[in-house]
Structures are given as structure tokens and as C-alpha cells.
1. In region 49-72, how many are surrounded by 14 or more Cβ atoms within 10 Å (Cβ to Cβ) and either at pLDDT 85 or above or touching a His at 6+ places or on another chain (Cβ under 8 Å) (or both)?
2. Take Y10 and tell me if it is surrounded by 11 or more Cβ atoms within 10 Å (Cβ to Cβ), of a type in the set (S, T, Y) and in contact with a helix residue (DSSP H, G or I) (Cβ under 7 Å, 6 or more places away or on another chain).
3. How many residues, within region 15-34, are touching a residue at least 12 places away in the same chain (Cβ under 8 Å) and under 25 Å from H65 (Cβ atoms)?
4. Do you know which residues across region 105-122 are of a type outside the set (A, V, I, L, M) and open to solvent by 50 Å² or more (accessible area, probe 1.4 Å)?
5. Can you pull out every residue in region 100-142 that is at pLDDT below 80 and assigned to a loop (DSSP other than H, G, I, E, B)?
6. Working only within region 35-48, note down all residues that are at pLDDT below 90 and either among the aliphatic types (A, V, I, L, M) or part of a loop (DSSP other than H, G, I, E, B) (or both).
7. State whether the residues of region 73-96 include one that is under 15 Å from H15 (Cα atoms), among the polar types (S, T, N, Q) and at pLDDT 90 or above.
8. Scan region 19-40 for residues that are hydrophobic (A, V, I, L, M, F, W, C) and surrounded by fewer than 19 Cβ atoms within 10 Å (Cβ to Cβ) and report the count.
Amino acid sequence: MIRQIELKNYKSHKHYIANFYGNSIIEGSKGSGKTSLKDAFTWVMTGTMVDDPTPVDENGEIINHLTISARVLFEDGTSLMIESKQRWVKDELKANHNMTYFVNDTPMIKREYDNYLTERFGTLEQRRIMLDPAWFAHGDGLRVTGKTSKTATQRRREIVIDVAGIGELEDKIAENEEAAKQAKYAISQLKKQLDEANAGIES
């Protein structure tokens, strides 16, 4: 459960803290920052910005060279945070953000941060589904190409099996099917030998 989301210099939020209690509902008028909370949470949970977080003043003017950050605090006390600083350009989401990642205030490189997220919250695909169920439906990013090409439908099936934790069950079913196939073949061979033995006795 999420206890708190804290934003600093994120869009129009110089410093904003949202506290959550149980099953909270986020309400507010247009432009009050609901989407900012969602985007910041997605950033923390995936390590990737999904929208332009450019810091702006009360007049909507860009403020350059500010460090923006998003921090998520969970009920168990775990804290995740990402900071980024660069020369901001309006409506331009650059890939070269200089980001710093933190788990419980301990800085990490991106690979370490991603590994922690995967171990704690599941794969990137699983986290994307939790953050935006519609992502699972529209299929963007689901198709995998390489040695084996898979359709979005095939990837959805794999994800559902993985999320449900029934991958091992499918493996056992496959093993049982193979065992049944081998038993059936063994029986047919024994029957063949029996028929040959009966034929020899008659002759």
C-alpha cells in the first residue's frame, strides 16, 4: 500500500505531498495535479518518464537547472525516489536525463534500481499492467521479435500465466502429457509383441 507521494519541482509543484489512507480516491478540478501524481508514480515504478515533467513557475514559464524529484513511501516504510536535472525544454521529453535512483535513501545505478523493482514488484510488464490496465489491452510494446516472433495475444497469455503464477502448473501438465504419450507408445509396443507371440504359438 502507498502511504505517500512527494513531488519537488515537478511541473507546477514546487513541493507537494499527497498522503494516502487505505483505499484513497484522488479527486480535484482540472489542472489540480491528479495526472502529475499518476505520471510521477509511474516514473518511480518503471524508471522511465511518461510525460514532460518540466518545472514551471506560477506563470507557466520554464525554470531551468532545477532538480526535480518524485518519491513514493510505502506502508512498510520502503522509500523509492528518482531525481533528474537538466536544461529543460518545453514539451520535449529527452532521453538523456541525468537521473539518480534511490531505494531507502541509498543511491543506485539504474540497473540496480530496475533489479530491485523486479524483485519487489514484478517484471516491467507486470508493473505497467498495475499502473495502467489499458496498456495490457491495446498491446503496444507487447509484440516481441527476435529468434521467435510473438504476437501481442501470445505475449498477453504469457504475462497472465506469469502473473497468476501458473507457469509451473503448465510445465507439469506438459510433463504429464509427455509421460502419457510415452506410456501409450509402450503399451502399443507390448501389444505388438503379444500379437507376434500369439501368432508364433498358433503356427
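1. 6
2. It is true that Y10 is surrounded by 11 or more Cβ atoms within 10 Å (Cβ to Cβ), of a type in the set (S, T, Y) and in contact with a helix residue (DSSP H, G or I) (Cβ under 7 Å, 6 or more places away or on another chain).
3. Final tally of qualifying residues: 3.
4. D105, T106, P107, K110, R111, E112, N115, Y116, T118, E119, R120
5. Correct list: D132, G139, D140, G141, L142.
6. Correct list: L37, G47, T48.
7. Checked region 73-96: no residue is under 15 Å from H15 (Cα atoms), among the polar types (S, T, N, Q) and at pLDDT 90 or above.
8. Final tally of qualifying residues: 3.
The values are calculated or read from the model by the stated rules, or taken from the named source; none is laboratory data. Owing to the predicted nature of the structure, the values given are computational and were not obtained by experimental measurement. Glycine also receives a Cβ, built like all others from the backbone with ideal geometry; neighbour counts cover every protein chain displayed. SASA here: full protein model, heavy atoms, side chains in, ligands and nucleic acids out. Shrake-Rupley method; radii C 1.70, N 1.55, O 1.52, S 1.80 Å.
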